[in-house]
1. Work through the residues other than F6 whose Cβ is under 11 Å from its Cβ and net out their charges, Lys, Arg +1 and Asp, Glu -1.
2. Amide H neighbours of T47 under 5 Å, counting only residues 5+ apart in sequence or on other chains, H built in-plane at 1.01 Å?
3. Under the rule of -39500 (n - 2.57) per DSSP H run of 4 or more residues, summed and divided by the residues of the chain, what mean residue ellipticity at 222 nm is obtained, to the nearest 500 deg cm²/dmol?
4. Nothing charged except the Cβ atoms of Lys and Arg (+1) and of Asp and Glu (-1): what's the magnitude of the dipole of the chain about its Cα centre? Round to the nearest 20 debye.
5. Could you tell me which of A53, G74, A22 has its Cα farthest along the dipole of region 3-102 towards the positive end, charges placed at Cβ (Lys, Arg +1; Asp, Glu -1), taken about the Cα centre?
6. Would you work out the relative contact order for the chain, in percent, from Cα pairs under 8 angstrom that are 6 or more residues apart?
7. Mind listing the phi-derived Karplus ³J(HN,Hα) values for region 11-27, rounded to whole Hz, using 6.51, -1.76 and 1.60 with θ = phi - 60°, and x for any glycine or proline?
8. Work the Kirkwood hydrodynamic radius out for region 1-70: mean of 1/r over every pair of different alpha-carbon atoms, inverted, in Å.
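Computed from the coordinates by the stated procedures, all read-outs in this text should not be read as laboratory data. Model, not experiment: these values are computed from the prediction. In this analysis, Cβ positions are derived from the backbone assuming ideal geometry, glycine residues included, and neighbour counts consider all displayed protein chains.
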Amino acid sequence: MVLDAFPRGREILGALYEPLSAVRATFEAAGWELASVAEVELPAPGTWAEALARLRTRAFSVFEHMREADVDAGFAELERRVAAAPRAPAPVVPGTLLTLRRV
């Protein structure tokens with residue numbers, strides 16, 4: 001997990017998205033129903049080192065919502081992880097997959 005390196009990373013990311021109840025209400029109002037919710041793994045291509053390089057170049061990201069000290073601390077932690085295993089595969093990132101169907 002990448003965001004675990006950043007203080008409050010998962011919490012901040014979660015706050016950027018609407019809660020499931022709000023998403024459901026929006027789609028149900030438009031004639032859709034929730035068929036399923038699943039947790040999936042989103043593999044990242046390349047190595048840890050390549051993942052860190054990509055992370056540093058994001059134009060819009062969760063980092064915009066963090067204190068600079070927390071961003072610095074998180075990247076320092078990721079740099080330590082990369083230094084320990086630079087050729088290790090990039091981490092798998094968890095994601096939530098919603099499946100909807102037209103009513």
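1. Details: positive: R8, R10, R67; negative: D4, E11, D70, D72, E77.
It works out to a net charge of -2.
2. When sequence neighbours closer than 5 places are left aside, the close amide H contacts are A90.
3. Computed ellipticity for the chain at 222 nm equals -12500 deg cm²/dmol.
4. Numbers: 12 positive and 14 negative charges, 49 e Å.
Value, rounded to 20: 240 debye.
5. Result: A53.
6. Working: 116 pairs, mean separation 52.7, N = 103.
Computed over the chain, the figure is 51 percent.
7. Going residue by residue, I get 4, 5, 4, x, 6, 7, 10, 5, x, 3, 4, 5, 5, 4, 4, 4, 6 Hz, with x marking Gly and Pro.
8. Details: mean 1/r = 0.0672 Å⁻¹.
Mean inverse Cα-Cα distance, inverted, gives 14.9 Å.
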